[in-house]
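This report concerns only the one structure given below.
Just so it is clear, none of the values below were taken in a lab; they were calculated from the coordinates. Model, not experiment: these values are computed from the prediction. Every residue, glycine as well, gets a Cβ built from its backbone with ideal geometry; the counts of neighbours run over all protein chains shown.
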Amino acid sequence: MASLTIRQLDEKLKKQLRLRAARSGRSVEDEVRTILRGAAADAEAFAPPAASPKNERKAETGAPRVLLIIGGGIAAYKSLDLIRRLRERGISVRVVMTDAAQKFITPLSAGTLAGEHPYTDLFDARSEFDVGHIRLARDPNIVVVAPATANLMAKMANGLADDLASAVLLATDKTILLAPAMNPNMWSNKATQRNIAQLRADQIVLVGPNAGEMAESGEAGLGRMAKPLEIVAAVQALLAAGSGVLAGVRMLVTSGPTHEPIDPVRYIANRSSGKQGHAIAEAAAKAGANVTLVSGPVNVPDPRGVNIVKVESAREMLTAVEAALPADVAVFAAAVADWRTSTNNREKIKKTGKGTPELALIENPDILSTVAHRKAKRPKLVIGFAAETEHVVEHARQKLARKGCDWILANDVSPESGVMGGDMNTIHLVTGDGVEHWPPQSKNEVAAALIRRIAATLDVKK
Ligand SMILES: Cc1cc2nc3c(=O)[nH]c(=O)nc-3n(C[C@H](O)[C@H](O)[C@H](O)COP(=O)(O)O)c2cc1C
């Protein structure tokens with residue numbers, strides 16, 4: 001056992017010790033013993049595992065890792081249940097609590113459920129000796145913020161990093177899932193909505209909020225945190241999307257609009273942005289699939305980790321799709337023009353002053369139906385999209401039968417839905433077995449849910 005000579009300590013420390021000892025009525029030696037006993041007990045019960053390799057959670061090695069950031073809202077108590085639910089499913093949970101969160105629940109409760117002491121302080125010498133907030137940000141598979149307060153989301157949208165939670169959120173390169181919870185007026189406030197739009201554009205995923213009664217008596221509306229099990233389902237969908245569940249699967253995705261030339265400078269187009277198809281391609285690649293994305297002309301960035309074939313017209317898209325076969329799964333998310341002009345004008349059509357030119361149209365090839373009806377090289381799962389402006393589900397059912405595909409993801413693209421070009425989508429999944437109505441979600445969330453559904457179905461078909 002090492003011995004300690006107080007005389008050898010530096011003057012500043014000795015002064016602090018004398019002060020502490022005087023306050024507690026102990027001798028300096030007794031005070032040192034008390035401090036050491038407390039530190040030893042604290043280290044045993046709550047030492048941050050990252051600060052001490054000995055304390056790493058061996059039992060959960062290899063388990064998916066969630067970093068749960070608890071913000072300061074009434075719903076923080078539900079995060080305690082969330083920790084339990086995640087751990088029940090074999091997911092290891094490390095907790096960060098904001099100062100405000102600690103006014104609602106204690107680090108002791110969160111730590112007891114998580115199996116290790118929560119992190120609370122950006123300037124904690126025990127965990128920051130090796131820049132712990134960067135390790136906290138990098139180590140998990142996914143970062144969950146629940147409850148995500150209006151304040152935390154405002155900080156994230158603006159890149160602030162003035163406490164441990166916001167510094168970790170800025171430093172992480174992992175998927176971030178937010179479960180917002182707040183009073184309905186805070187949620188609908190223009191500033192919050194601006195921040196949400198920015199966060200969605202930054203690829204951050206949201207679950208909830210739900211509508212219902214608020215903690216404040218007599219108040220109801222949109223702002224309740226998603227239920228712990230809904231958050232768990234969203235975590236599992238995101239983990240599945242990033243966990244190699246589609247390893248070895250060959251996947252073909254089409255995305256964006258097509259441009260049908262009228263002459264060398266003009267074309268017929270539609271309002272598809274490519275956001276949904278690109279999100280699906282990226283999510284599939286993250287899940288380990290070997291992805292070929294055939295994309296029409298879009299202004300969204302190329303997804304990472306996929307082979308991209310860029311085309312303009314429907315006929316070029318069909319050629320590229322056929323060249324990309326065989327595939328195990330094909331998702332046709334592109335908004336392919338139904339018609340093109342019947343004449344191939346090599347020169348620009350001139351305005352002659354003698355009336356308007358006639359534009360005769362002819363039908364384009366139907367890419368979804370062509371692939372779904374193939375005898376050879378038909379993918380095991382052929383999935384189409386139905387962009388409808390009325391009778392969405394009914395039209396999708398008819399389309400499923402007509403095109404011969406396995407699933408249709410139907411969405412309402414009427415102008416008031418904001419789907420075309422927007423970040424949100426509400427999907428009705430029509431299969432031979434029936435219809436599933438998915439909640440309104442961001443296009444990234446739709447992509448993650450679709451990947452999970454595909455993975456589950458391929459597993460059954462194996
Ligand atoms: C009783 C009470 C309840 C609160 N509930 C919420 C809430 O549900 N959602 C929210 O965004 N803010 C809520 N707040 C305000 C936050 O606690 C406050 O904005 C705080 O600064 C958030 O800090 P954090 O984002 O660092 O956790 C509440 C405040 C009080 C006093």
Between residue 139 and residue 375, the FRET efficiency computed from the C-beta separation at R0 = 60 Å comes out, to the nearest 0.05, as 0.75
The residues 152, 206, 80, sorted from fewest to most surrounding Cβ atoms within 10 Å, come out as 80, 206, 152
With x for Gly and Pro, the residue-by-residue ³J(HN,Hα) of region 64-76, computed from phi through the Karplus equation 6.51 cos²θ - 1.76 cosθ + 1.60 at θ = phi - 60° and given in whole Hz, is x, 10, 10, 9, 9, 9, 9, x, x, x, 3, 6, 4
Compactness check, region 306-447: C-alpha Rg relative to the 2.2 N^0.38 Å globular estimate gives 1.23
For residue 214, other-chain or 5+-apart residues with amide H closer than 5 Å (H placed, Pro excluded) are 219, 220, 221
Most exposed first, judged by fewest Cβ atoms within 10 angstrom, 136, 9, 381 run 9, 381, 136
Note: residue 342 to residue 109 extended length (0.36 nm per residue) minus current alpha-carbon separation gives 76.8 nm
Applied in sequence order to region 342-358, the curve 6.51 cos²θ - 1.76 cosθ + 1.60 (Karplus, θ = phi - 60°) yields integer Hz couplings, x standing for Gly and Pro, of 6, 9, 9, 7, 6, 10, 4, 5, 8, 7, 9, x, 10, x, 8, x, 8
The distance between the Cα centres of region 324-348 and region 351-425, in whole Å, is 11
The percentage of Cα-Cα pairs in region 148-188 separated by more than 17 Å is 29
The answer for residue 69, listing residues at least 5 apart or on another chain whose modeled amide H is closer than 5 Å to its amide H, is 96, 144, 145, 146
So, relative contact order of the chain in percent, Cα under 8 Å, 6 or more apart, is 10
Over the chain, the sum of -39500 (n - 2.57) across DSSP H runs of at least four, divided by residue number and rounded to 500 deg cm²/dmol, gives at 222 nm -11500 deg cm²/dmol
Computed Rg/Rh for region 147-259 (Cα atoms; Rh = Kirkwood radius) stands at 1.05
Number of Lys pairs in region 62-241 closer than 18 Å at Cα, excluding neighbours under 8 places apart unless interchain, is 4
The percentage of Cα-Cα pairs in the chain separated by more than 38 Å is 38
With a Förster distance of 56 angstrom and the Cβ-Cβ distance between residue 202 and residue 22, calculated FRET efficiency to the nearest 0.05 equals 0.60
Region 271-295 and region 153-175 have their Cα centres apart by a whole-number Å value of 27
Taking 0.36 nm per residue of separation between residue 193 and residue 393 and subtracting their Cα-Cα distance, the length gained on full extension comes to 69.0 nm
In order over region 141-148: 3J(HN,Hα) from phi, Karplus 6.51/-1.76/1.60, θ = phi - 60°, whole Hz, x for each Gly or Pro, gives 7, 8, 10, 10, 10, 8, x, 8
When 354, 399, 275 are arranged by how many other beta-carbons sit within 10 Å of their Cβ, fewest first, they go 354, 399, 275
Per the 1/(1 + (r/R0)^6) rule, R0 = 41 Å and r from the Cβ atoms of residue 213 and residue 436, FRET efficiency to 0.05 is 0.90
Across the alpha-carbon set of region 62-241, Rg over Rh with Rh taken as the Kirkwood radius works out to 0.94
Length gained if residue 35 through residue 304 is fully extended, taking 0.36 nm per residue and subtracting the Cα-Cα distance, is 91.6 nm
The set of residues whose placed amide H lies less than 5 Å from the amide H of residue 339, leaving out same-chain residues fewer than 5 positions away, is 364
Once both label points are put 7 Å beyond Cα along the C-beta direction, the residue 316-residue 170 separation in nm becomes 4.3
For region 62-241 the mean separation of alpha carbon contacts under 8 Å (6+ apart) over residue count, i.e. relative contact order in percent, is 23
Computed from every Cα-Cα pair in region 209-359, P(r) in 5 Å bins starting at 0 and rounded to whole percents is 2, 9, 14, 14, 12, 10, 10, 8, 7, 5, 4, 3, 1, 1, 0
